1. If I filter segment 95-103 for residues that are of a type in the set (V, I, T), open to solvent by 50 Å² or more (accessible area, probe 1.4 Å), under 25 Å from the mean Cα position of the chain (by Cα) and modelled with pLDDT of 80 or more, do I get at least one hit?
2. What about V379, is it over 30 Å from G50 (Cα atoms) and surrounded by 20 or more Cβ atoms within 10 Å (Cβ to Cβ)?
3. Which count do you get for residues in segment 245-275 that are modelled with pLDDT of 80 or more and either charged (D, E, K, R) or not in a helix (DSSP H, G or I) (or both)?
4. In the set I227, I240, which member is touching a Ser or Thr at 6+ places or on another chain (Cβ under 6 Å) and more than 24 Å from G142 (Cα to Cα)?
5. If you check G47, G73, which single one turns out to be over 19 Å from L195 (Cα atoms) and either touching a helix residue (DSSP H, G or I) at 6+ places or on another chain (Cβ under 8 Å) or touching a residue at least 24 places away in the same chain (Cβ under 8 Å) (or both)?
6. Please find, within segment 324-353, the residue that is farthest from K88 (Cα to Cα) out of those that are without any contact (Cβ under 8 Å) to a residue 24 or more places away in the chain and not β-branched (V, I, T).
7. Of everything in segment 293-315, what is buried (at least 24 other Cβ atoms within 10 Å of the Cβ) and at pLDDT 80 or above? Give them in sequence order.
8. Name every residue in segment 301-353 that is in a helix (DSSP H, G or I), under 20 Å from the mean Cα position of the chain (by Cα) and hydroxyl-bearing (S, T, Y), in order of residue number.
Amino acid sequence: MASIKKYLRSFIGDKAFYRTVMALAVPVMLQNGLTNLVSLLDNIMVGSVGTDQMSGVSIVNQLLFVFNLCVFGALSGAGIFTAQFFGKGDHEGVRQTFRFKLITSAVILAVGLLVFTLFSDPLIASYLHEGSETGDIVATAGYAADYVRVMLWGLFPFALMQTYASTLRETGETLLPMKAGIVAIFINLILNYVLIFGHFGAPEMGVEGAALATVISRYVECAIVVIWTHRHSIEVPFIIGAYRTLKVPAELVKRIITKGMPLLANEFLWSAGMAMLTQRYAMRGLAVVAGLNICSTVSNLFSVVWMSMGTAVSIMVGQLLGASEFVKARQTAKKLLAFSVASAAVIGVIIALLSPLFPQLYNTSEETRQIATGLLLIVASALPLHSFIHASYFTLRSGGKTWITFLFDSMYVWVVALPLATWLTNATSLHIFVIYALVQYVDIIKCVIGTVMLKKGVWINNIIDAR
């Protein structure tokens, strides 16, 4: 009995541990929570104009999600080194990783603009299928095209802001990105109200107004983060001389690419896989597209609690590995995993209880509301599973095991989840609830793989001292 208690206590930290976790996670949690709250309100406002408008915006955001995660993945590869350089006290190393991020995000921005300029129409069309009473395919395609045309102007400030904000977070400055995000959120919310509906003498722009509000808020957020960083060089010394040259030592570039390229590939393939999954679900009709949009917007609002744990894992475990405190890194990772799963279980109960209420906020069909409610219940039941996978992914990544996380994450989507969804939608007449639940719960296999990798300790490495 005593040994069991001792084992269970190994998953629980002391007050100082949770204070550190909260100091890292809460700013990200608040920023993302407010962002997702505004996304929910934005969604409701666009949805009040019409279901077709809401579906068009949802499709474009699914495609832009791929670009966003490509930026995130590219920066995360260098970010592994940033956290460990900072843990070692090497500011020049942090500065070099920042330069690498600038160059990489610029390349991704150019590719993203090219793809969306040339291929947005066929990409949007792939989501438009008959199969439900709700929705007009032609109208939805038109609204999506209007929305994406404006949203492209926001890709530049997003990429630049992420470059700065990720480096700030990895060096311990989590409050400034949060504050900038909060300002941008309220600007976005106010402009949504003004531009979507044409209040205070502004033109009634509908979905284009929603896009313009987002773009303006992104420029404001980017300006706040960039200006603050350059004015507070004492607090964040990596920015001193950061632009004297964009040259990064070839040896470091090679190491970042070796460790980081799998992360970029992973984020691209994973987000593309998620977009393809949504396209498969959309084959059951436009009502499913609208229902998925409501489900993801609502669940994202609550999931920031356990999703923000990825930031805590990356920073806390990464810095310990950089300082070669391997035993403490293992103990910290175990406690963070337990805390993540526990928080997700609580959030899952809350989502389940509120699942019938949120869809009623939308001015949409009863068919769409019923689909959204059912999908939310499935998401709620699977949250503990996905929170464990999420924390496992960031633990493995913090030690530079990016090829393992590549196989563990995106390859799994393309080899297991997507083929399963494709077969279920094409070869069966199963209801969307059954298809969605089976695809969600097949991730149990991934959970087992993550457990094995964590126990083996293959992620326990100091990559900045490795040669």
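The values are calculated or read from the model by the stated rules, or taken from the named source; none is laboratory data. As the structure is a computational prediction, the values presented were derived from the model and not from experiment. Cβ placement follows ideal geometry from the backbone for every residue including glycine, while neighbour counts extend to all protein chains displayed. For accessibility, only protein heavy atoms count, side chains too; no ligands or nucleic acids. Shrake-Rupley method; radii C 1.70, N 1.55, O 1.52, S 1.80 Å.
1. Yes, there is a match, as at least one residue in segment 95-103 is of a type in the set (V, I, T), open to solvent by 50 Å² or more (accessible area, probe 1.4 Å), under 25 Å from the mean Cα position of the chain (by Cα) and modelled with pLDDT of 80 or more.
2. Considered against the rule, which asks whether it is over 30 Å from G50 (Cα atoms) and surrounded by 20 or more Cβ atoms within 10 Å (Cβ to Cβ), V379 comes out as no.
3. 8
4. Exactly one residue qualifies, and that residue is I240.
5. From the options G47, G73, the qualifying one is G73.
6. Among them, the one singled out is L353.
7. N293, I294, C295, S296, T297, V298
8. Those that are in a helix (DSSP H, G or I), under 20 Å from the mean Cα position of the chain (by Cα) and hydroxyl-bearing (S, T, Y): S303, T311, S314, S340, S343.
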